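The values are calculated or read from the model by the stated rules, or taken from the named source; none is laboratory data. Just so it is clear, the structure is predicted and the values come from calculations on it, not from any experiment. As a convention, Cβ positions derive from the backbone with ideal geometry for all residues, glycine included, and neighbour counts pool all protein chains shown. Calculation scope for accessible area: heavy atoms of the full protein, side chains included, ligands and nucleic acids excluded. Shrake-Rupley method; radii C 1.70, N 1.55, O 1.52, S 1.80 Å.
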Amino acid sequence: MDSKTLASQLRCPSGRDAVEVGERMNEANRLLNNQCIERLGMGADDSVLEIGPGNGAFVADIVEAARGVTYTGVDWSAEMVAEAERLNGRLIESGRARFRQGDAQELPFEAESFDKVLTIHTLYFWEQPAAQLAEIHRVLKAGGVLCLAFGDRSFMKDLPFVPYGFELYDQERIGGLLRAGGFEVVDACQHHEQALSNTGEVVEKLINIMICRAG
Ligand SMILES: C[S@@+](CC[C@H](N)C(=O)[O-])C[C@H]1O[C@@H](n2cnc3c(N)ncnc32)[C@H](O)[C@@H]1O
């Protein structure tokens, strides 16, 4: 797949390549997803929203992180929502998981609906980051926690697909936006990993995991 096509598939997996792209993202991002779920510090009966879960391969890990956790995933890719529903049928039937197709800029939920919000590798695609953070803040309960994970600009800038529509960040840049948006950054760490990139090559990854409390 050429770099431009790959960039567009990472932004919104679609068409006949979507299922395979979803599976490749699972492989590339498994360790990071595990780290984020651990760092979210899930509590009993937490209601969790994930923005951009792709095929939802890690949803079982989220709902099993504590007793009574319920999960909602929002992804704008129809193909990813269909795949996530297929892979998580048992959790949907039991009422512990649900998926919605939609744009995270306008979340179809009441204010203060969630205890936790998780979003991994979606920041690059936010057209209006301040407005997106305001929307996340709106649906979080007071004191609720956002886990935002993204590849650091220093490592991402050399990836061949990045020139095709990726906006890059480091902790300082997003930290300012988070604080202006009413979030307190309570923990910011960096996840280092030598792993498969979405290009199929092994790269040295540097991923920021920011844990932020809604004030
Ligand atoms: C690079 S993939 C990452 C998938 C997954 N979080 C992971 O860790 O492997 C980005 C996902 O976010 C979705 N996405 C990106 N921007 C979105 C938005 N504004 N609203 C809803 N979904 C979005 C894409 O469709 C895609 O499934």
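By how many nm would the segment from Ala188 to Arg213 lengthen if fully extended, with 0.36 nm per residue of separation less the alpha-carbon distance?
7.8 nm
Can you give the FRET efficiency to the nearest 0.05 for Arg173 and Met1, using r as the Cβ-Cβ distance and R₀ = 41 Å? Don't skip to the answer; put the middle values down first.
Values: r = 29 Å, r/R0 = 0.71.
Given R0 = 41 Å and the Cβ-Cβ separation, E is 0.90.
Could you tell me which trypsin sites (Lys or Arg not before Pro) in region 118-215 are loop residues by DSSP with no more than 16 other beta carbons within 10 angstrom of their beta carbon?
Lys157
Per residue of region 102-112, what does 6.51 cos²θ - 1.76 cosθ + 1.60 with θ = phi - 60° give for ³J(HN,Hα)? Whole Hz please, x for Gly and Pro, Karplus curve as stated.
Computed from phi, the couplings for region 102-112 are x, 8, 5, 5, 9, 6, x, 9, 5, 4, 6 Hz.
At a Cα cut-off below 20 Å, give the lysines reachable from Lys116, other chains included and same-chain residues fewer than 8 away excluded.
Cross-link targets: Lys141.
Could you work out how far apart the two model spin labels at Glu112 and Glu204 are, taking each label as a point 7 Å from the Cα in the direction of the beta carbon, and quote it in nm?
Placing both labels 7 Å along Cα→Cβ, they lie 4.8 nm apart.
Which residues' amide hydrogens lie under 5 Å from the amide hydrogen of Ala97, considering only partners 5 or more residues apart or on another chain, with H built in the peptide plane?
Residues meeting the criterion, in which the H sits 1.01 Å from N, are Tyr71, Ile92.
Would you compute, from DSSP H runs of 4+ residues alone, the mean residue ellipticity of the chain at 222 nm, taking -39500 (n - 2.57) per run and dividing by the full residue count, rounded to the nearest 500?
-10000 deg cm²/dmol
What ³J(HN,Hα) values, in whole Hz, does the Karplus curve 6.51 cos²θ - 1.76 cosθ + 1.60 give for region 188-205 when θ = phi - 60°, with x put for Gly and Pro?
These are the phi-based 3J(HN,Hα) values: 9, 10, 10, 9, 9, 7, 8, 8, 5, 8, 5, 7, x, 9, 7, 10, 8, 9 Hz.
When the expected Rg is taken as 2.2 N^0.38 Å, what fraction or multiple of it is the alpha-carbon Rg of region 3-214? If you can, show how the numbers build up before the last one.
Working: Rg = 15.9 Å, N = 212, 2.2 N^0.38 = 16.8 Å.
Dividing the Cα radius of gyration by 2.2 N^0.38 Å gives 0.95.
Out of residues 5 or more away from Val117 or on other chains, whose amide H comes under 5 Å of its own, with H placed 1.01 Å from N in the peptide plane?
Leu49, Val145, Leu146, Cys147
Which percent of the accessible area of region 3-214 is formed by carbon and sulfur heavy atoms (probe 1.4 angstrom)? Numbers along the way, then the final one.
Details: 4360 of 9520 Å².
It is 46 percent, rounded to a whole number.
Please give every one of the aspartates and glutamates within straight-line cross-link reach of Lys205, meaning a C-alpha to C-alpha distance under 15 Å, and leave out same-chain neighbours fewer than 8 residues apart.
Leaving aside aspartates and glutamates fewer than 8 places away in the same chain, those within reach of Lys205 are Glu27, Asp152, Asp158, Asp170, Glu193.
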